[in-house]
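Here is the structure we will look at, set down as structure tokens.
The values are calculated or read from the model by the stated rules, or taken from the named source; none is laboratory data. Being a predicted model, the structure only gives us computed values, none of them experimental. Glycine also receives a Cβ, built like all others from the backbone with ideal geometry; neighbour counts cover every protein chain displayed.
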Amino acid sequence: MQLARIFLLCSLLAACGDQATQSPVQAPGKPATIATRGLEAGAAILQDKPPIEALNAYLDGFHFYSGNMKAQMEAHHYCAIVNEDVIQCVIYDGNVGDAKLMGVEYIVSGKLFQALPLAEQALWHSHVHEVKSGQLIAPGIPAVAEKALMQKLVGTYGKTWHIWHTDLHKQLPLGVPQLMMGFTQDGQADAAMVVARDARFKVQSLEKRRQRADIAAPAIDPGADAWQHGKLLQLQDPTGAAH
């Protein structure tokens, strides 16, 4: 099944009322006035938003800071297909109206990844374990549709930057973007974090692992997941902020 058709299916089948995940921070500032809300409502009705409307798939998974696996967080991805080999996602710290925009993830096929320079490949992470472990989920769609999506994602690679570090309880997007990575084997993701996510969405990662056992796991390109090879790539923050 083509990736575009899978994303369309996800958009049509996504259930309303998934368990809410709140943002861990509240941004400083005065509450929006009635006038501001009125302007927002008018814009919502009158303005076209093709890039936003193209975000047809919702994925929930986990990231950690490159060079610091102890700093882990849940990440809510809202994704749009660019073509059969490229997906782009915006990442939030929750799935409610006041969720904070944490960052972005770009996803490419194995074919495109292999053509990247080695220095560029080091910034990307594989998705095999995220898919096969059951930790990456597509909330609100039937299992058959989710599995079809995971079959497309298992051989892809992602480059992720987080800009607003709400996992560190920063009330504003302070400091510099940080490179994020994905887990590659059992025992890396904080078990309590995964259990809490599963309970909130009423899913079981272990059951999804079983359901995905027959998804073929392609060989991971050695250029990805650079942290496993001693390359702890990260931007140094000139503000001195801790990450």
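Some notes on this structure:
- Here the condition is being farther than 16 Å from His63 by Cβ, modelled with pLDDT under 95 and not basic (Lys, Arg); of Gln171, Gln204, Gln211, it holds for Gln171 alone.
- Failed item in (1) closer than 26 Å to Gln178 by Cβ; (2) more than 13 Å from the chain's Cα centre (by Cα); (3) buried (at least 23 other Cβ atoms within 10 Å of the Cβ), with Asp98 passing the rest: (3)
- Selected residue (criterion: surrounded by the fewest Cβ atoms within 10 Å (Cβ to Cβ)) from residues of segment 144-161 that are among the polar types (S, T, N, Q) and not in a strand (DSSP E or B): Gln151
- All positions within segment 51-65 that are of a type outside the set (Phe, Trp, Tyr) and either farther than 22 Å from Val128 by Cβ or out of contact with any helix residue (DSSP H, G or I) (no Cβ under 6 Å at 6 or more places or on another chain) (or both): Pro51, Ile52, Glu53, Ala54, Leu55, Asn56, Leu59, Asp60, His63
- Which listed residue is among the β-branched types (Val, Ile, Thr), over 22 Å from Thr21 (Cα atoms) and outside any helix (DSSP H, G or I), from Ile215, Ile141: Ile215
- Of the candidates Gln185, Gln171, Gln135, the single residue that is under 20 Å from Tyr65 (Cβ atoms), outside any strand (DSSP E or B) and touching a Phe, Trp or Tyr at 6+ places or on another chain (Cβ under 9 Å) is Gln135.
- For segment 87-117, a tally of residues being part of a helix (DSSP H, G or I) and closer than 22 Å to Tyr65 by Cβ returns 1.
- In the set His169, His129, only one residue is out of contact with any helix residue (DSSP H, G or I) (no Cβ under 7 Å at 6 or more places or on another chain) and surrounded by 20 or more Cβ atoms within 10 Å (Cβ to Cβ); that residue is His129.
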